[in-house]
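Asks: Provided herewith is a single structure, encoded as structure tokens, for subsequent inquiry.
What follows draws every value from the coordinates through simple rules; no lab data is involved. On a predicted model such as this, the values are computed, not experimentally measured, just so you know. Glycine gets a Cβ as well: all are built from the backbone with ideal geometry, and neighbour counts include every protein chain shown.
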Amino acid sequence: MQMLMQTIVTGLAVGGIYALMAVGYSLIFSILNFSNFAYGGIIMLGSYMGFYALTLLHVPFAAALALSMLGAAALSFLNERIAYSSLRKRHAPSLYFMISAMGTSIFLENMVYATLGSSYNAYPEIFGQSSISLFGSTIGKLDLFAIIFSLIAIYIMNYFIQHTRTGIAIRAASYDSEVSQINGVNLSAVIGLVFILAGLLAGVSGVFLGMKYMAYPTMGWITNKAYISAVIGGLGSLPGAVVGGLILGVLESLVSVYVSSLLRDVFSFTFLIVLLLVMPSGLFGKYLEEKV
Amino acid sequence: MLKKTKKTLAVLLIALFALSLAACGSSSSSTGTAATESKEPIKIGHEVALTGGSSLWGQSEKQALEMEIEKINAAGGVLGRQLELIAYDNKADQTEGVNVAKRLIGDKVVAIIGPAQSGVGIAASSVTEGAKMILIGTTTTNTKLTVNDDGSVKPYTFRTCFIDPYQGKVAATFALNSLKVTKAAVLMDVGSDYSQGLSQYFKETFVAGGGTIVADEAFRSEELDYRAQLGKIKDAGAELLFIPTMQKEAGLAMKQAKDLGLDCKFLGGDGWASKELIELGGAATEGAFYVNIASLQDPTIADWVKEYAAKYKMDPVMPNPVLAVDALKMIVNAIENTKSTDSTTLAEYMSNMKDVQVLTGKLTMDPKTHNPIDKPAVIETVKNGEFTFYESFAGK
């Protein structure tokens, strides 16, 4: 029983990070209808920014987090303006966006290799090596903080999109960009804003990933799991991304312990395929077309 | 603005195509007959990871070889000819490894030093064997590098390090005899030949010596979170956790194990040998042990380490550089003694090498397996945040 509890807690800790990144994916998918594979690169750079803020500038943790969020938001915005906006203006099919995104992702990874090198950068220990007991299972303080902070960040994001004027514009644009433009929505500004919001989340994810694991050039790989979480939850749906992330985290953890850690991905991905066969648009998805 | 971007894009694309064409370069270009090139340098290929996760060792390996070749050339070269190192980046990737091997064969090198990864070496040997090209793996400890699946030796493939069974055996023997543990768990990387091989031989020796494997767990390469597996290991009551992975995974695993309150000893293989292990694992790595091929504090190589440090203002990243230099010394010795650069002659000579002086000691090749006989191993431990020499395991 204690083992089961521990497994679920562990799964939630991992799933919380998946959820945070998945929300960024879903946010962009909801408005541009393509999967932004460059997002992993933005998260990676966010993680590096946090690392250098802490180790070179020696700023307090909160300031490092803020710097990383702002930096990642700026990068995300630039990513859209440089790599996607001209495609968008020419009404290119979403396949072209994805190719551009993959290119950006490879570019960012190799740029870091070339300039910062391939070494693994461990964050300074902010919470120490302390863990606390929760219902008889152990959880690292950092994990607990990361889950809580992630959920708050996602909640604020969701509130902003559901209840503010700008949020309504974003949602309108995500349903039909043409019609929303006719109704006076500045589409370019809205899209820029969405990328900034996704960038802010990327900064948070990057710093948490860095603290939990480390910062290194290919860390964007883990965003594959976030992408899968977004698909499970239904691409484009923010609550779906959260639920998808948590489900994937807990599922992986359970399979590792009770089936076989060797077969973890086999089981997890079989589950994904079966789920998509039964519910092609994921748990909360709205769109069916052009989901890649 | 748009036009400009378009232009830049076009230029970039053209550059990319040009690069990729250059990369596939014509391998048929001849470099002249043996008679006319006799005063030309002797080319030695180096298949090495210069970018990517293994580049830390790869860069150091290349620097070590450059330093040695500079010395040999300054002393008059080999058979009156200068040596020339041709190094290509294989990114520690199997596909790239095969491409690099093909390029080096096209460049008509005498022999190839590297790669450092067993998986890459096994893949590369599939093309070098057919081309009768000598390939000498550096830290490739997997047995399958030099022998085929049916047990026959690959005539042109060698290595300068010990093999996984030996390393696994050393680890298990050390755990049983020196650490006196009887209940061990294993956490390995299922995507790596190295990790799988090491864990298999550790388990065999440990069980044969009277120990029990209480948990046998795995993760996939590039995975970062092992808490689920570690929770199970904790539940099984392991006294020792054997983590036969690279430094990144091992450092994270130890840190996460301590987070979960797993109180046991940690043991690993030569993949741990990077300061990053301590940076990533933090305080959790204190007191951990690992088997290594060579130690910075090993008195045999102390002078060489000093020389390297003086030239490059940093310590060599162990153990790759010393094994690459061993390979270079093997090649030079073979060329000098056979007065030939013909690969078949050289390979035959290397198969029967006996007591040849190399950097790490005397090298004797087993003609049946192309593994060096009785290579010494060292056990290192982490003490006050530094790798420290613990004890040495002389060849049986």
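Asks: Specify the angular offset, from 0 to 90 degrees and rounded to the nearest 10, of the alpha carbon long axis of helix B:164-173 from the longest principal axis of the alpha carbons in chain B.
Replies: Relative to chain B, helix B:164-173 is tipped by roughly 30 degrees.
Asks: So the label point goes 7 Å from the Cα of B:Lys368 along Cα→C-beta, right? Which residues of the stretch B:346-362 then have their backbone N under 17 Å from it?
Replies: What the label zone holds, given the 17 Å backbone N cut-off, is B:351-353.
Asks: Determine, from the Cβ-Cβ distance of B:Val207 and A:Ser133 and an R0 of 45 Å, the FRET efficiency 1/(1 + (r/R0)^6), rounded to the nearest 0.05. Walk me through the intermediate numbers first.
Replies: Details: r = 35 Å, r/R0 = 0.78.
Given R0 = 45 Å and the Cβ-Cβ separation, E is 0.80.
Asks: Let me ask another. Between rounded, prolate and oblate, where does the protein assembly as shown land on the alpha carbon gyration tensor, with a ≥ b ≥ c its root eigenvalues, rounded for a/c under 1.5, else prolate if a/b exceeds b/c?
Replies: Details: a/c = 2.22, a/b = 1.44, b/c = 1.54.
Judged from the Cα gyration tensor, the protein assembly as shown comes out oblate (a/c at least 1.5, b/c at or above a/b).
Asks: Of all trypsin sites (Lys or Arg not before Pro) in the stretch B:349-395, which ones are in loop regions per DSSP and have a Cβ with at most 15 other Cβ atoms within 10 Å?
Replies: Values: sites: B:Lys354, B:Lys362, B:Lys368, B:Lys383; in loops: B:Lys354, B:Lys368.
The qualifying sites are B:Lys354, B:Lys368.
Asks: Sticking with this structure for a sec: Under the rule a/c < 1.5 gives rounded, and otherwise a/b versus b/c splits prolate from oblate, where does chain A land using the Cα gyration tensor?
Replies: On the way: a/c = 1.65, a/b = 1.24, b/c = 1.33.
Note, shape of chain A comes out oblate.
Asks: Quickly estimate the mean residue ellipticity at 222 nm for chain A, helices only: each DSSP H run with n ≥ 4 gives -39500 (n - 2.57), and the total goes over all residues, rounded to 500. Please list the in-between numbers first.
Replies: On the way: 12 runs with 208 residues, N = 292.
When only DSSP H runs of four or more count, the value is -24000 deg cm²/dmol.
Asks: Ok, one more. Would you mind getting me the FRET efficiency between A:Met111 and B:Thr182? Use the beta-carbon distance for r and R0 = 60 Å, nearest 0.05.
Replies: Details: r = 50 Å, r/R0 = 0.84.
Computed FRET efficiency for A:Met111 and B:Thr182 comes out at 0.75.
Asks: DSSP loop (so not H, G, I, E, B), at most 16 other Cβ within 10 Å: list which trypsin sites (Lys or Arg not before Pro) in the stretch A:85-167 pass both filters.
Replies: On the way: sites: A:Arg88, A:Lys89, A:Arg90, A:Lys141, A:Arg165; in loops: A:Arg90.
Counting only loop positions with at most 16 other Cβ atoms within 10 Å, the trypsin sites (Lys or Arg not before Pro) in the stretch A:85-167 are A:Arg90.
Asks: Under 14 Å between alpha carbons, and skipping anything fewer than 8 positions from B:Lys180 in its own chain: which aspartates and glutamates qualify?
Replies: Within reach: B:Glu239.
Asks: Along the charge dipole of the protein assembly as shown, pointing to its positive end and built from +1/-1 on Cβ of Lys, Arg, Asp and Glu, which listed residue (B:Thr285, B:Thr182, B:Gly361) has its Cα farthest out?
Replies: B:Thr285
Asks: Using Cβ counts within 10 Å as a stand-in for footprinting exposure, how do A:Leu209, A:Leu67 rank, fewest first?
Replies: Working: A:Leu209 26, A:Leu67 20.
Ordered from fewest to most neighbouring Cβ atoms within 10 Å, A:Leu209, A:Leu67 come out as A:Leu67, A:Leu209.
Asks: Helix-only mean residue ellipticity at 222 nm, chain B, DSSP H runs n ≥ 4 weighted -39,500 (n - 2.57), per residue, nearest 500. What is it?
Replies: On the way: 12 runs with 159 residues, N = 396.
The per-residue figure over chain B is -13000 deg cm²/dmol.
Asks: Take B:Thr160, B:Thr128 and order them by how many other Cβ atoms sit within 10 Å, fewest up front.
Replies: On the way: B:Thr160 28, B:Thr128 25.
Fewest-to-most Cβ neighbours within 10 Å comes out as B:Thr128, B:Thr160.
Asks: List the GluC sites (Glu not before Pro) within the stretch A:195-292 that fall in a DSSP loop (any state other than H, G, I, E or B) and whose Cβ has at most 15 other Cβ atoms within 10 Å. If you can, show how the numbers build up before the last one.
Replies: Details: sites: A:Glu252, A:Glu289, A:Glu290; in loops: A:Glu289, A:Glu290.
Passing both the DSSP loop test and the Cβ count: A:Glu289, A:Glu290.
Asks: Sticking with the crude label model, points 7 Å out along Cα→Cβ, report the distance from A:Tyr258 to B:Asp150 in nm, one decimal please.
Replies: 4.8
Asks: Rounded, prolate or oblate for the stretch A:100-185? Axes are the square roots of the Cα gyration tensor eigenvalues, ordered a ≥ b ≥ c, and the cut-off for rounded is a/c under 1.5.
Replies: Values: a/c = 3.99, a/b = 1.37, b/c = 2.91.
Because a/c hits 1.5 or more and a/b fails to exceed b/c, the stretch A:100-185 counts as oblate.
Asks: Relative to the longest principal axis of the C-alpha atoms of chain B, give the angle of the C-alpha long axis of helix B:193-208, reported between 0 and 90° and rounded to the nearest 10°.
Replies: Around 40 degrees separate the two axes.
Asks: Under the rule of at least 5 residues apart or a separate chain, name every residue whose amide H is placed under 5 Å from the amide H of B:Thr212.
Replies: B:Lys183, B:Ala184
Asks: Pairs to check: B:Lys306/B:Lys375; B:Lys144/B:Lys232; B:Lys203/B:Lys375; B:Lys102/B:Lys154; A:Lys141/B:Lys265; B:Lys144/B:Lys339. Give those whose C-alpha atoms are more than 28 Å from each other in this structure. Provide the component values of the computation, followed by the final result.
Replies: Numbers: B:Lys306/B:Lys375 22 Å; B:Lys144/B:Lys232 32 Å; B:Lys203/B:Lys375 22 Å; B:Lys102/B:Lys154 18 Å; A:Lys141/B:Lys265 23 Å; B:Lys144/B:Lys339 31 Å.
Beyond 28 Å between Cα atoms: B:Lys144/B:Lys232; B:Lys144/B:Lys339.
Asks: Which angle from 0 to 90°, rounded to the nearest 10, does the C-alpha axis of helix B:94-106 make with the longest principal axis of chain B?
Replies: That helix lies at roughly 30 degrees to the long axis.
Asks: Quick check on the exposure proxy: order B:Trp304, B:Trp272 from fewest to most C-beta atoms within 10 angstrom. Walk me through the intermediate numbers first.
Replies: On the way: B:Trp304 18, B:Trp272 31.
Sorted ascending by nearby Cβ count, the order is B:Trp304, B:Trp272.
Asks: Which one of A:Leu4, B:Leu65, A:Ile148 has its Cα pushed farthest toward the positive end of the charge dipole of the protein assembly as shown, where Lys and Arg give +1 and Asp and Glu give -1 at the Cβ?
Replies: A:Ile148
Asks: Using θ = phi - 60° and the Karplus curve 6.51 cos²θ - 1.76 cosθ + 1.60, what whole-Hz ³J(HN,Hα) does each residue of the stretch A:222-229 get, with Gly and Pro shown as x?
Replies: Working through the residues one at a time gives 5, 5, 4, 5, 5, 5, 5, 4 Hz.
Asks: Using the Karplus curve 6.51 cos²θ - 1.76 cosθ + 1.60 with θ = phi - 60°, work out ³J(HN,Hα) for each residue of the stretch A:204-221 in order, rounded to whole Hz, and write x for Gly and Pro.
Replies: 4, 4, x, 5, 5, 4, x, 6, 5, 10, 5, 9, 7, x, 9, 5, x, 3
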